[in-house]
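For reference, the structure I am asking about is given below.
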Amino acid sequence: MEHRFLPRLISWNMTFKCNLHCPHCYIDANDRASRDELSTEEGKMLIDQIAEVSKPILILSGGEPLMREDVFELAQYASNKGLIVAMGTNGTLITDSVAAELKASGVRAVAISIDSSVPERHDAFRGLKGAWRRALDGIAACRAHGISIQVNTTVTQQNYNEIEDIMALAEKEGATAFHLFFLVPTGRGVEMKDITPEMYERMLEEVLDMVAGAKYKLDVRPVCAPQFMRIASQKGMDVRRWTRGCIAGLYYCRIYPTGEVTPCPYLPLNLGNIRDPDTSFKDIWFKSPVLNALRDFDRLGGKCGVCEYRDICGGCRARAYGLSGFVDFCGGLHAPEELRGDYLAEEPWCPYIPGGEGKN
């Protein structure tokens, strides 16, 4: 398994600190950093440990990563180690000088969240007047310094009917990629009313139709919606442009601000801490029982376990966990030996019936 499954993408939530208060935040970020967050030296130790395993894309995220004073130093360190460094941010703190520092420290791409094509709606969702304008200014600053832009949008009841407008805005502002996130019930997200499974399926259909028709030049990927691979396959699309629907634990994991490793940001199972002198990232990646269970598709439960699309889809393991008897408002971590949900259960938001019948 060591050679088949290597991390290609790692998200590091560098801090809990954030200048916004978004209702869907999975780590319940606020205006204060935790005293237990990884220090600069511990951050470098983490990067060293990751580099021993592979040279993945390392996404510096938060909270708001630009609120860490050492963010450029850590970005430069990771870049020097051969990692491909990207950043996930709300964009409101990116000025021309910040963009210049990002470029100088080796950050190749920045993902900025846009929740509406209408400024007032975005601002209301983000809890800061002027957030939309500042995010677009951040996009422009990054582009001026040659940094690639990805726009992230979380689908909600409020913006469901304007996703194409947001895609058009992203392309107009010079983004090269568009990632459409689907709500997972963790952190503050458990308090939000999600779209229905039918709306979920219909949105994936519409977005993939736009991809198939090349309506936009954007590199589009639905996130936390692994069923898009099944839908794309049903439409006769070449799914090789994407790796797999759910990549948690296969090619992807998340580092919590205090050093814990989890399969993804929305599946808060504590697999071990890189601070532990007896446990390295390499040990966790290759030896974790949870990660190895995720890599064994024969262990998937319910209809996911017998679905003909399980190899390319897999169902959202975080949504299965969150909706199989346990949701958590605080966004805290759970010990795998004290599981409160089943991360191998069938995807509860997928209406597809294996065998091709009852698709809708």
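Wholly within segment 265-320, which helices (runs of 4 or more DSSP H) include no fewer than the required count, namely at least 3 residues that are open to solvent by 30 Å² or more (accessible area, probe 1.4 Å)?
Working: elements: 281-287, 289-294, 302-306.
Qualifying helices (runs of 4 or more DSSP H): 281-287, 302-306.
So, one more: Just a yes or no: is a residue in segment 222-230 farther than 16 Å from C316 by Cβ and out of contact with any strand residue (DSSP E or B) (no Cβ under 7 Å at 6 or more places or on another chain)?
Within segment 222-230, none of the residues are farther than 16 Å from C316 by Cβ and out of contact with any strand residue (DSSP E or B) (no Cβ under 7 Å at 6 or more places or on another chain).
How many residues does segment 288-326 hold that are over 17 Å from L267 (Cβ atoms) and without any contact (Cβ under 8 Å) to a residue 12 or more places away in the chain?
Qualifying residue count for the region: 1.
Which one is farthest from Y160 (Cα to Cα) among residues in segment 73-122 that are without any contact (Cβ under 8 Å) to a residue 24 or more places away in the chain and out of contact with any helix residue (DSSP H, G or I) (no Cβ under 7 Å at 6 or more places or on another chain)?
S97
Just name the residue that is nearest to A141 (Cα to Cα) out of those in segment 171-210 that are β-branched (V, I, T) and modelled with pLDDT of 95 or more.
Residue satisfying both the conditions and the ranking: T176.
Taking segment 86-101, which residues are more than 23 Å from the chain's Cα centre (by Cα) and closer than 16 Å to T15 by Cα?
Of everything in segment 86-101, nothing turns out to be more than 23 Å from the chain's Cα centre (by Cα) and closer than 16 Å to T15 by Cα.
I'd like to verify a number: residues in segment 31-65 that are out of contact with any Gly (no Cβ under 9 Å at 6 or more places or on another chain) and not β-branched (V, I, T), how many?
Adding up the residues that qualify gives 17.
Looking only at residues in segment 204-233 that are assigned to a helix (DSSP H, G or I), in contact (Cβ under 8 Å) with a residue 40 or more places away in the chain and more than 17 Å from W349 (Cβ to Cβ), which one is most open to solvent (accessible area, probe 1.4 Å)?
Restricting to residues being assigned to a helix (DSSP H, G or I), in contact (Cβ under 8 Å) with a residue 40 or more places away in the chain and more than 17 Å from W349 (Cβ to Cβ), the top hit is S233.
Exactly one of these conditions fails for A248: (1) among the hydrophobic types (A, V, I, L, M, F, W, C); (2) modelled with pLDDT under 95; (3) closer than 30 Å to G355 by Cβ. Give me its number.
With respect to (1) among the hydrophobic types (A, V, I, L, M, F, W, C); (2) modelled with pLDDT under 95; (3) closer than 30 Å to G355 by Cβ, A248 is out only on (2).
The values are calculated or read from the model by the stated rules, or taken from the named source; none is laboratory data. Everything numeric here is computed off the predicted structure, so don't read it as measured data. Positions of Cβ are generated from backbone atoms using ideal geometry, with glycine treated the same way; all protein chains shown enter the neighbour counts. Each accessible area value is taken on the protein alone, full model and side chains, heavy atoms only, with ligands, DNA and RNA left out. Shrake-Rupley method; radii C 1.70, N 1.55, O 1.52, S 1.80 Å.
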